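Some notes on the structure that comes next.
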Amino acid sequence: MEAVLALAIGVLAASGVWLLLRPRTFQVIIGLTLISYAVNLFIFCIGGLRTGADPVLRSGADITQYADPLPQALVLTAIVISFATTALFLVVLLASRGLTGNDHVDGKDGTP
Amino acid sequence: MPYDLAALAMLCLPFLASVVVLMVRGRQWATWLMIATAAACLLLAVGIYPAMDGGHALRHVVHWVPSLGLDLVLRVDGFSWLFLMLICGIGLLVGVYARYYMPPDDPLNRFCALLLAFMGSMLGIVMSGNVIQLVFFWELTSIFSFLLIGYWNQGASAREGARMALIVTAGGGLCLFAGMMLLGHIAGSYDLDVILAAGEQVRADALYTPMLVLVLLGALTKSAQFPFHFWLPQAMSAPTPVSAFLHSATMVKAGVFLLLRFWPVLSGTDAWFWLVGGAGLLTLLLGATAAVFQQDLKAVLAYSTISHLGLITMLIGLGSTLGAVAAIFHIVNHATFKASLFMAAGAVDHETGTRDLRRLGGLRHVMPITATLAVIASAAMAGVPLLNGFLSKEMFFAVALTTHRGPAVDMAAAAIAVLASAFSVVYSLRFALGVFFGPARDDYPRQPHEPPRWMRLPIGLLALACVLVGMLPARVIGPPLRAAAYSVLGEATPAFSLAVWHGLTPPLLMSAIALVAGCVVYVVLRGYFAGCETLPLLGRFSGRRIFEWMLTLLTATLPAALEGLFPSRRLQPQLLLIVLAASLAAGMAMWGSSLPLSLHGSGVDPAFALLWLLGGACAIGAATQAKFHRLAALLLTGGAGLVSCISFVWLSAPDLAATQLLVEVVTAIVILLGLRWLPKRISGMAPDSRRARLRRRRDMVIAAGVGLGLATLAYAAMLHPVADSISHFFLERAYTEGGGHNVVNVILVDFRGFDTLGEISVLAIVALTVFALLRRFRPAIESVDAPAQQRLQAAFEASDNGTASVVADYLRIPGLIVQLMAPVIVLFGLHLFLRGHDLPGGGFAAGITVSVALVLLYMARGARWVEVRLRVAPLRWIGAGLLLAVSTGLGSLAFGYPFLTSHSRHAYIPLLGELPLATAMLFDLGVFFVVVGATSLMLVALAHQSLRRPRVLGEPVVDAEGDR
């Protein structure tokens, strides 16, 4: 499981970084989304992986039986914030498109 | 106890009044409130005098963060009391004066508020019993003095003077802060009493010298000592009442106050003698010389202020106890005569319309009372017998004669003291004789009259004080001066005599020499002085110019050079640098550590592997398609996101999965709405250049490296045994203290509620930013038209005489379904919200669900259709949510608990059964509102773009959205 998830994080991050370095705004926004997936999974897995653990308290159960709530709470916050960044970036992208007439990240077409 | 309260009231009153003054209407109310506040403070100051009886210090502690040793400590002893009297007394007189001086068309609310706030900050400095608190008020005075000096901000010189004063004094304040931190560190406490008792220990410490330099930087900048003196003359562009207040009793006196306050701790070393004494001596000489050559009345006073402050600093620096007493005495004397002189100069300016000494003269004929008062005050400044300046100057001569540093230093100090005094006689004469004597002139810009009575009164009272102190020193100033000296020097307070006549002593002789020499120089060189524009020789090395040069260097030249060091202003190379730097940092951190890269993790579930095979393919697909096939890339990204949702479920995190799934939906919609405005990009239009191919290859290598590194790191992190984390705490307390079974939700709304509050604020800000940016957005012309398919269909229908109606019935059936489904979705959102505390769900998920319902309606039915039927006010949702969240948090304060403490109880409600009712739920409701509002604000703003008309040159902008 660990190896699969680690590879998954790697692939997501690599695709994301590659897109981040592209010149078109849309590529960058997709890249950021992919990177945020990778980072969310990364933060989540720091606590170790638990399959089939109980996420919600039941009476009389041992607390070692539960899934670690802390990374979950952190990631939940991260998901919302990354949504906000994506939305903001999209609007900046649109504004820059309107101002410069193209969708290059530096507002100048011509460079690949 | 009543004394404590009086002190506390004295500190709070000016600040409170300054807020109130801003709200009252009109000049009358504002000025009266200012005068009343100053008078009340003065009365309180007089009232607490008995508390100082017998060398006691009044002390009042308000606990703030006791665990960090941070308390609000009010401490008033004889020395600070003297300052309180000066600040409140001169503050009151300046208030009265300003009421008549300031131009009648100025409402004065801002002026009064600033003056009061400044006064409060000064009171704060002198009453501080904690050094950090002292620095805080110190910086406040810098800020308020900046605003006061720049009060007439339409004038460039006022703005520049204010800026210079701020940079110099606030910069010094930062040094002082560092110095106080060091001092507190050495003494082991930030409490003033502890520090004052730790003198020996402080002076013996290895950090003494750096600490002393830092503290002195603070004090000397504030008191305009060489080489920082240049800001004071520039600050003369302030309104004259401000100058009278700042440069006589307050702002500049804060520096010497600080030096005297810490005199028992810091003085007595060689470093103190040379640094403080040297700065004082140079300033004394420089100020006195420069004052002689000025032509502007206020500039004469400014430089004379510098020189008198130099005198005080020198007295403090010499290190003898009698010097300290003389310094305190001269502080009081200087404050009285300088305040009255500034006010007199203001009166002259007010009446004649000019401050130029060459254009003034003979005013005693038209304003005899002002002339008399000003002559008395300037005689006090010159050190004429029977006035207060004479007494402190005589003390100064006595101290200068005995520096205890060898006969050479004694001789030099005495000679310089006499020389500077002679100069002060010269500029006092220029001020008094030049303005009020000589033939009457009639070429003034205005016809001068005697100023109004209430403008003369403050000058008169101060002049009276000069005379009283000068004639009956022991009676008038004796007891408070002794109390002040005792609270600084303690048992070491020397015996000093306050008498007008001490017999024929060397100091008297020196006074006589200075007076005679001054008069002679004035008579001989009077014409020469009048012809000078600036100080000869030294005038070229003006501190102001050096300051401006340094400012340009720091704010323009250096940043430009630094910017030039970086390869680009463009985003792409910068992103590359960021990625490389981050990878480098991570790589360096990982380098030395031995990662447990053995393969003994838990067994691989083939289904999970298959799932991520799909997820990885989606990610790579998105990466390759993002340039030419945006929709495909978006869908593929969604695929990768979906796979990570499933992983969350798999790995026991249903809350994450639910939220991620919903966010996924909204993100996809948001981007879809934006897609339309991007330019078309068609594959194979332009062949790739060699450079582009190289670039891509390079980026591919970097991306692969990052991916590999992150994978390794993640693998190592997952196999690393988890230390005992705080999670156990959360698991144990979630139900007993948070009242919820869903630990993640309890963490978010209860344990870490403050983080969540920050997060929803971010969300709200982003939504507002999106809204604001889109209001000004105008799409590119080529993407304004309807999509090609729609246009084709419309053209076809038009040619077909309306038999087909695809365009009109576009999305009719999905629209109907969505319309029916919307309430169900909203209900589902509410369900998610209600169960959130005990089961997966919560405010975030619920909020997004509800906004999804709204946006589906927008998409299926169109913005106009929705808005006719449904009134959505996202801004209100956001506002209500934030208010609710904050007031829930504040509610706990009312019950004596810290901010955001929650209370929980399970209650039985008919029909619904037992429900967990925690106040955290109200907080979660706030979260819910904010998320609904923010998400729908963004989505609606984006959706509205299609309704806008393009901007055509020459036509006014038509905003289809209107100004909602």
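List of remarks:
- Set of lysines near B:Lys222 by C-alpha distance (under 28 Å), chain-local residues within fewer than 8 positions excluded: B:Lys253, B:Lys298, B:Lys338, B:Lys393
- Approximating the spin labels as points 7 Å out from Cα along Cα→Cβ, the B:Leu610-to-B:Leu635 distance works out to 2.2 nm.
- As a length-normalised measure over Cα pairs under 8 Å and 6 or more apart, the relative contact order of segment B:1-128 settles at 39 percent.
- Inter-probe distance in nm under a simple model that places probes 7 Å from Cα toward Cβ, at B:Gln201 and B:Leu5: 3.6 nm
- Cβ-Cβ FRET estimate between B:Leu773 and B:Arg570, R0 fixed at 25 Å, reported to 0.05: 0.70
- If the chain linking B:Leu22 and B:Gln819 were pulled fully straight, counting 0.36 nm for each residue of separation and taking away their Cα-Cα distance, it would gain 281.7 nm.
- Between B:Ala492 and B:Leu401, the FRET efficiency estimated from the beta carbon spacing at R0 = 22 angstrom works out to 0.65.
- Taking a straight Cα-Cα cut-off under 24 Å and skipping sequence neighbours fewer than 8 places away in the same chain, the lysines within cross-link reach of B:Lys680 are A:Lys108, B:Lys627.
- For segment B:717-796, the relative contact order is 12 percent, taking Cα pairs closer than 8 Å that sit 6 or more residues apart in sequence and dividing their mean separation by the residue count.
- Pairs of Cα atoms nearer than 8 Å and 6+ residues apart set the relative contact order; for chain B it is 8 percent.
- Cα centroid separation, segment B:731-758 to segment B:333-408 (Å): 69 Å
- Estimated FRET transfer efficiency when R0 is 45 angstrom, pair B:Leu504-B:Trp64 (beta carbons, to 0.05): 0.20
- The modelled label-to-label distance for the pair B:Met411/B:Gln789, using points 7 Å beyond Cα in the direction of Cβ, is 10.4 nm.
- Close amide H pairs (under 5 Å, H built 1.01 Å from N) link B:Ser128 with B:Arg75, residues at least 5 positions away or on another chain.
Any read-out appearing in this document is the output of simple, stated calculations on the displayed coordinates, not a laboratory observation. Values in this document were obtained by computation on a predicted structure and should not be read as measured data. Positions of Cβ are backbone-derived with ideal geometry, glycine not excepted, and every protein chain shown enters the neighbour counts.
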